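S.K.: Pasting a structure here, questions to come.
The values are calculated or read from the model by the stated rules, or taken from the named source; none is laboratory data. No experiment lies behind these values; they were computed from the predicted model shown. Remember, those area values only see protein heavy atoms, side chains included, never the ligands or the DNA or RNA. Shrake-Rupley method; radii C 1.70, N 1.55, O 1.52, S 1.80 Å.
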Amino acid sequence: AYTLLHAASQTAADAELSAALSAVAREQGELPLQHQASQAALRRLLVSQPVSFAWAVDHKGQVLSRIGQDESEYRDAVDGLPVIEAALRGYRQDDLWLVHDTLYRVAAVPVVAPTHDRYIGAVLLGNAMGSEVMAELSQLAGVQSVFIGGGRFLSAASSPLLSAVEAQQVRADTLLGLRD
């Protein structure tokens, strides 16, 4: 979580990204141009960072740009998400999201205006969490572990554990009449 928060903080401190979000906050310039500028800044900043996706969010909680997923979409409201709400109020926060049967660790941080007097948006970064994270947790804690979300198996620390969990899921689904 620390690494992702640190990467998000470095991204949020970029002058080009800050300028694009500041222009949106002041309602200056063309929105499609600000979208392109912020997206280019995210791409440039995250070349060396292993992230699954990134968002630049304006002061109203609307996505200004994305990389990694749905890159052409923007202006959708995400202000109801707790990590975004916290970032728009000046806090750094991380969370776990389950999206399309994939578990992500996300981190959101505020973007400060060039004049350092207000928050003009947020940066959110997300990384998919897979079996390598489970293996690291298992090694550190000395236990085997499994991610289950939405009633479905997501990942495990090892193949034998994965097979056992999937077998139990198939048996449970069969008993409940969910599978043939």
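S.K.: Would you work out if the range 1-114 is rounded, prolate or oblate? Take a ≥ b ≥ c from the square roots of the eigenvalues of the alpha-carbon gyration tensor; rounded if a/c is under 1.5, else prolate when a/b is larger than b/c, oblate otherwise.
M.R.: Judged from the Cα gyration tensor, the range 1-114 comes out rounded (a/c under 1.5).
S.K.: Pairs of Cα atoms under 8 Å, at least six residues apart: use those to get the relative contact order of the range 1-102, whole percent.
M.R.: Averaging sequence separation for qualifying contacts and normalising by length gives 20 percent for the range 1-102.
S.K.: Excluding ligands, DNA and RNA, what is the solvent-accessible area per residue of the range 29-80 at a probe of 1.4 Å, expressed in Å²?
M.R.: 50
S.K.: Carbon and sulfur atoms: what percent of the 1.4 Å accessible area of the range 1-125 do they account for? If you can, show how the numbers build up before the last one.
M.R.: Values: 3130 of 6260 Å².
For the range 1-125, the apolar C and S fraction of the accessible surface comes to 50 percent.
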